[in-house]
1. What does the C-alpha gyration tensor say about the overall shape of region 62-109? Classify as rounded when a/c is under 1.5, otherwise prolate if a/b is larger than b/c, or oblate.
2. Tell me which lysines have Cα within less than 25 Å of LYS54's Cα, excluding those fewer than 8 residues away on the same chain?
3. To the nearest 20 debye, what is the magnitude of the charge dipole of the chain about its Cα centre, counting +1 on the Cβ of each Lys and Arg and -1 on the Cβ of each Asp and Glu?
4. Report the relative contact order of region 9-117, percent, no decimals, based on alpha-carbon pairs under 8 angstrom and at least 6 residues apart.
5. Considering the options ILE56, LEU20, GLY96, tell which one lies farthest towards the positive end of the dipole of the chain, charges being +1 on Lys and Arg and -1 on Asp and Glu at the Cβ, about the Cα centre.
6. With a 10 Å Cβ neighbour count serving as the proxy for reagent exposure, in which order, fewest first, do VAL42, VAL67 appear?
7. Fewest to most neighbouring Cβ within 10 Å: what's the order for THR60, THR52, THR98?
Amino acid sequence: MNNKPKYNLFKNSKYALSGLVHVLKTESSFKLELIFAIFIIVGIILIDASLTSKLILLVTGILVLIVELLNSSIENVVDLVTKEFAPLAKTAKDIGSTAVMFSIILHVICWIMVIIYA
């Protein structure tokens, strides 16, 4: 049996908005990163840099949010499987957090490079 509904633009958009509302209600890390993103976007607009550099900063900033969403998904699935301590569950959550950390490091490196070479 297939657990995947048929594609429907409006239903899929509703699912995406439902996920966003859930994340905004339950994930403090995402809310914090979203607040930072607002300031980052203002910084991107104000910085004296090329359009290409600004796009790189925007893309890497949005990448942080995307990776955080994926990390939250991993954490939810792990919590669905087990609430008890399990080494593999901890490892899965830790690896998701590492992905978020790497995306943030990438974004910071891009900012440093843009500031130095702009």
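FYI, it's all coordinate maths here, none of it is from the lab. A quick note: this is a predicted structure, and the numbers were derived from the prediction, not measured. Using ideal geometry, Cβ is built from the backbone for each residue, glycine included, and neighbour counts are taken over all protein chains shown.
1. oblate
2. LYS54 reaches LYS31.
3. Working: 10 positive and 8 negative charges, 105 e Å.
So the magnitude is around 500 debye.
4. Numbers: 59 pairs, mean separation 30.6, N = 109.
Relative contact order here is 28 percent.
5. LEU20
6. Listed from fewest to most nearby Cβ atoms, that is VAL42, VAL67.
7. THR52, THR98, THR60
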